[in-house]
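The values are calculated or read from the model by the stated rules, or taken from the named source; none is laboratory data. Computed from a prediction, not measured in an experiment: that's the story for all the values here. Quick reminder, even Gly has a Cβ in these numbers, built from the backbone with ideal geometry, and neighbours come from all protein chains shown.
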Amino acid sequence: MALDAATLALVANELNSTLLDAKIDKIFEPTRDEVLMTLRTRTQTFKLLLSARSGVGLPAWHEWYVPPHCNNDVS
């Protein structure tokens, strides 16, 4: 997937609207080039995966990871 200005603007807008008042609860480093953060708002919990990995796809532990836009009720 190309990372152009339009894509970056859409991602920034979604993160801004979703995580504006969120606080970082936990930080986990599953691999040396990935960081998984658990963020909490007053009513919801989100998980945000930041990756410097080249290529596409989720890592092997993707079974329990649900992207924020799929399910916002992560316990």
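Residue pairs whose Cβ atoms lie under 9 Å apart, separated by 6 or more positions or on different chains, with the first residue in region 27-48 and in a strand (DSSP E or B) and of a type in the set (Asp, Glu) and the second modelled with pLDDT under 90 and buried (at least 16 other Cβ atoms within 10 Å of the Cβ), are Glu34/Leu49.
For region 3-22, indicate whether the set of residues that are part of a loop (DSSP other than H, G, I, E, B) and modelled with pLDDT under 85 is non-empty. Scanning region 3-22 turns up at least one residue that is part of a loop (DSSP other than H, G, I, E, B) and modelled with pLDDT under 85.
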